[in-house]
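Some notes on the structure that comes next.
Where a number appears in this text, it was derived from the coordinates with a stated rule and is not lab data. Fair warning: this is a prediction, and the values are worked out from it, not measured in the lab. Here Cβ is always computed from backbone atoms with ideal geometry, including for glycine, and neighbour counts include all displayed protein chains.
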Number of protein chains: 2
Amino acid sequence: MSLPLRVGLAGLGNVGAGVVKLLADNAELIARRAGRPIRVTAVSARDRNRDRGIDLARYHWVDDATELAGRDDVDVVVELIGGSDGPALTLARRTLAAGKALVTANKAMLAHHGLDLAATAEAGQLALKYEAAVAGGIPIIKALSEGMAANRIARVYGLLNGTCNYILSRMEAERLDFATVLAEAQAAGYAEADPSFDIDGIDTAHKLSLLAALAFGARIDFAAVATHGIRAVELADIDQARALGFRIKLVGLAEHEDGTLFQRVHPALVPLDHPLAAASGALNAVTAEGDFVGRLFFQGRGAGEGPTASAVVADLIDIARGISGNPFGMPVASLAALPPAAIANRRGRYYLRLTVADRPGVLAELTAALRDHGVSIESLIQRGPAANGDAMVVMVTHIAGETQVLASLAQMAQGDAVTGAPVMMHILDL
Amino acid sequence: MSLPLRVGLAGLGNVGAGVVKLLADNAELIARRAGRPIRVTAVSARDRNRDRGIDLARYHWVDDATELAGRDDVDVVVELIGGSDGPALTLARRTLAAGKALVTANKAMLAHHGLDLAATAEAGQLALKYEAAVAGGIPIIKALSEGMAANRIARVYGLLNGTCNYILSRMEAERLDFATVLAEAQAAGYAEADPSFDIDGIDTAHKLSLLAALAFGARIDFAAVATHGIRAVELADIDQARALGFRIKLVGLAEHEDGTLFQRVHPALVPLDHPLAAASGALNAVTAEGDFVGRLFFQGRGAGEGPTASAVVADLIDIARGISGNPFGMPVASLAALPPAAIANRRGRYYLRLTVADRPGVLAELTAALRDHGVSIESLIQRGPAANGDAMVVMVTHIAGETQVLASLAQMAQGDAVTGAPVMMHILDL
């Protein structure tokens, strides 16, 4: 058996501790599969003394994570520090500069600096791998860059944030409002104290921008992702969607169309018979469509110690086997700079929920506003007045342009029929 | 850009023609992803003159497919002839003997000769790849051997035969019996003139034996797969299963338990909320469970020109990139020879459908037979007598041993209450 692959591990949170445990528990199996042992030699984290359930005495401790890059007993650095810049980025750059392979779970860093890092890795013929950065244990990076490599990929979309999926699933199952479920999830450790990256869709956008680059051979364009989170999703919407045959999910969707790149993260109504609708709780799920393979669907646990460690170690096994390849499936220099698609040109069906005054003529005003912009109505539900006297009107449009739907809503806002902020969501007809 | 990878292609049925089309249609994209062009140089098939919608004049024609192995203008042979032995096996052996890489979609050949071929490939450090042999376009070979490589895999199961899934789905959707749907599928070209390999579960068993070897690091043991097909599935079973909250699917299931290998192909009742239940029509779907990653689920088109060609070309791209590795995820010499599990020790819930005489005391006899063997009943439906006077009793047992359930049925057969052959199917509680 060949020499061991020696790992320097930066960051010992859940995932880092999981990587240490996994490499220890399955050491013999991994050595047989990888053709050589994979051993952690040095570790670094903020707090040396926290109890992580692992014996750190077996590894060299390094106070400054960025020093892992320069160690002679490290062949590959695993970066699990997190954050788009700061020590994670410094460590990543130093690792590649030192001629070492890099494995990272850091989608924020890659969304912002992935092309630079990949170009450096390519120049040095170094592996830069990040299976754990997107969809946890689902091997979606490998599926897009290798399994589907023969295909022109037109579209990739899915549920990429377990926290959001958990919150929406629990709102529906327990009939609780967003704030209650979020507070619960924070108390249970499923959501961060500052949940913004998750619930505002930023984490999903980071991941989506990486999937889009891989799928379409495009330069990462995180700034162009139209990003909407789930803070505004109300139980009323979940209920009305369900009554209409849909489930609300935070969907990240990227399409390559006519040389442009469409990227959006948004709560969307997913038809109940679509496999994404059945991916509940903390699951992640991804659909990718290739011109020859058709539609592939992947589902699994998107976060947590075990699944993420599984993805990190899969990357290490690839490196131990001598498999590297271009981080984004082709050389960075070959990636196309695709202009962002005009979101307003998007066509589709829309879900609208309007809080309206309970007086004669209201429906006529609403429907006239839609008609004036060429938007036709597929279904409409009016619910009788609540205690405060407001009624609710829920509509699903036929396929219409986003601009036209927005113009209709703007016209409605001119009158006094609509008394609250209108809710508009996209229907995922894919 | 490096020298092209030159492909000799044996077999120009749907899949072979699909590979030619795919390599032509996406040539530029594939070259960018693979780092070099991939070009078909020589082809062979039984009939040179059949119209396949592709221009064969661009390739050297070889009458005897096995001669592709010896050609100087061929770096890798793609074997799409089919059949476990005969020319496919001869070609495979000659290819590896000539020091060339082999890509095959031939599950029958691999189920019978995979270990020998893999050992030869390993000895010569040659790639032997077969993504297209299992589950068509789903990259399940890559997922098991690379994506999940860090995990001890305990179980892999799924729907691996599109013809069976199509037939069962159509029986349910159109309320047709098995023979009618099979005849239709044959007329439409979805089922072979001799459908035995598909509907008797043999094709599924071939594929399952490969997945089990990969997942568990075990030697292929096709002969030990307990194989049951779908010929005996009646519309009545589909209906009763549905009423109880299940859908009948042909499931291939492999488990690694206490050093033994459990492998079975059988029609099983899948709970409607299990993702396998929603994989309808010609789709394939696979679930694999790893100790760290948890349960992963994959779904896609399992057959047909496009998906299978996508898998073949993914293998070619890997080879062009210089990725080979052990065909079964670790050296053949490291694969464990696992003894087959004792099927009779299996425990689970069972579905029983009994045709019974319509007279007093019948239910007492049936339930006594189950009680005598310690099998308890979870639910029971009795349907009133049909025109011929027979009644139907459908039961779902609590978890019980297979031996005990079979003994109960044998006891029932001693009396005259049961007038037709009993139907017994497994419930997939996974």
- Treat region B:5-133 as a sphere of radius equal to its Kirkwood radius over Cα pairs and apply Stokes-Einstein at 25 °C in a medium of 0.890 mPa s; give the translational diffusion coefficient in µm²/s, rounded to a whole number. 168 µm²/s
- Label-to-label distances across copies for B:Ile381, with labels 7 Å out along Cα→Cβ, in nm, shortest first? 2.9
- Message: For the pair B:Ser196/A:Ala226, report the inter-label distance in nm, with labels modelled 7 Å from Cα in the Cβ direction.
- Response: 5.8 nm
- Pairwise FRET efficiency - B:Leu380 versus B:Ala179, Cβ, R0 = 35 Å, nearest 0.05: 0.75
- Note on the structure: With N residues in the protein assembly as shown, Rg(alpha-carbon) / (2.2 N^0.38 Å) equals 1.00
- Using a 10 Å cut-off on Cβ atoms, rank the peptides A:174-186, A:291-303 from the highest mean neighbour count down. A:291-303, A:174-186
- Query: Which value in deg cm²/dmol, rounded to the nearest 500, describes the helix-derived mean residue ellipticity at 222 nm for the protein assembly as shown, given -39,500 (n - 2.57) per DSSP H run of n ≥ 4 and division by the residue count?
  - Reply: -10000 deg cm²/dmol
- Task: Only bridges with both residues in the protein assembly as shown count here: give the DSSP antiparallel percent, nearest 5.
- Result: 70 percent
- Message: Can you list the copy-to-copy distances for A:Asp55, using a point 7 angstrom from Cα toward Cβ, in nanometres, shortest first?
- Response: 6.9
- For A:Asp47 and B:Ser84, what is the calculated FRET efficiency with R₀ set at 56 Å and r taken between the beta-carbons, to the nearest 0.05? 0.40
- Message: How far apart, in nanometres, would the label points at B:Ala364 and A:Gln411 be if each is projected 7 angstrom from Cα along the Cα-to-Cβ direction?
- Response: 7.7 nm
- Spatial extent of region B:117-242: Rg and Dmax, with the Cα atoms as the point set, Å: 17.2, 55
- Label distances, nm, A:Arg359 versus same residue in remaining copies, Cβ-directed 7 Å point: 7.9
- Task: Please state, rounded to one decimal and in Å, the Kirkwood hydrodynamic radius that region A:345-427 gives when every pair of distinct Cα atoms enters the mean of 1/r.
- Result: 12.6 Å
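Taking each residue in B:327-333, count the Cβ atoms of any other chain within 10 Å of its Cβ, then average. What number comes out?
Average per residue, whole number: 2.
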- Task: Give, in nm to one decimal, the length gained when the segment between B:Gln186 and B:Glu234 is fully stretched (0.36 nm per residue of separation minus the Cα-Cα distance).
- Result: 15.4 nm
- Kyte-Doolittle cut-off -0.5, length cut-off 18 Å along the helix's own axis using Cα: show which whole DSSP H helices in chain A pass. A:107-123, A:202-216, A:305-320, A:402-414
- Note on the structure: For peptide A:148-159, the mean count of other chain Cβ atoms within 10 Å per residue Cβ is 5
- Item | Volume per residue of the C-alpha convex hull in region A:206-270, rounded to whole Å³ | 87 Å³
- At each listed q (0.09, 0.13 Å⁻¹), what is the log10 of I(q)/I(0) that the Debye formula gives for chain A modelled as equal alpha-carbon point scatterers? -0.60, -1.09
- Count, for each residue of B:304-317, the Cβ atoms from other chains sitting within 10 Å of its Cβ, then give me the mean as a whole number. 5
